[in-house]
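The values are calculated or read from the model by the stated rules, or taken from the named source; none is laboratory data. Note that the structure is predicted; figures quoted are calculated from it, not measured. Neighbour counts are summed over all protein chains in view; Cβ atoms, including those assigned to glycine, are modelled from backbone coordinates with ideal geometry. The protein model used for the area step is the full one, side chains on, heavy atoms only, and it has no ligands, DNA or RNA in it. Shrake-Rupley method; radii C 1.70, N 1.55, O 1.52, S 1.80 Å.
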Amino acid sequence: LINVDLSHVETRANEVTRTERGVQLVLGQLIDVKYVDRLAEEVNDKLQAAGLITISELCKTYDLPGDYLTEELSRRLGSLVQGQFDQYNRGVIYTPAFVARHKARIRGLFSAVTRWYCSS
């Protein structure tokens, strides 16, 4: 479209990552730290609404590799992202409210089962 050889673009992109602080090249995309911060804020909004979010879902949404997203979001846990990674499945981030909700459901289920069993 603009008739520029790809090698010139790649050379310039590599030069930008070396000279500009906070800019990195990820899968051919120049990514600035401000973009990653905004991405983390969006992820936090989705996380707070749903209670749980997967890295694979975020990979599809943002077209970025899972390892990169995991690393960048880990750095922002407790500040921009109010949640935590699952210790058994690093591909899942959840909120304490999500865990509390499920504990209450399980407690209610066991309470109902024991009442039914004891009254029978």
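Does the stretch 12-51 hold any residues that are outside any strand (DSSP E or B), closer than 26 Å to Phe85 by Cα and hydrophobic (A, V, I, L, M, F, W, C), and which are they? Scanning the stretch 12-51 gives Leu27, Val33, Val36, Leu39, Ala40, Val43, Leu47, Ala49, Ala50. Of the candidates Ala13, Ala40, Ala49, the single residue that is of a type outside the set (Asp, Glu), without any contact (Cβ under 8 Å) to a residue 60 or more places away in the chain and open to solvent by 70 Å² or more (accessible area, probe 1.4 Å) is Ala49. I'd like to check something: does the stretch 79-94 contain any residue that is open to solvent by less than 30 Å² (accessible area, probe 1.4 Å), assigned to a helix (DSSP H, G or I) and closer than 30 Å to Gly22 by Cβ? Among the residues of the stretch 79-94, not one is open to solvent by less than 30 Å² (accessible area, probe 1.4 Å), assigned to a helix (DSSP H, G or I) and closer than 30 Å to Gly22 by Cβ, which makes the answer no.
When Phe98 is tested against the conditions (1) open to solvent by less than 50 Å² (accessible area, probe 1.4 Å); (2) of a type outside the set (Val, Ile, Thr); (3) within 11 Å of the chain's Cα centre (by Cα), the lone failure is (3).
Considering (1) surrounded by fewer than 13 Cβ atoms within 10 Å (Cβ to Cβ); (2) at pLDDT 95 or above; (3) in contact with an Asp or Glu (Cβ under 9 Å, 6 or more places away or on another chain), the lone condition that Glu20 does not fulfil carries the number (2). Total residues in the stretch 61-74 satisfying the condition of being within 11 Å of the chain's Cα centre (by Cα) and open to solvent by 60 Å² or more (accessible area, probe 1.4 Å): the figure is 3.
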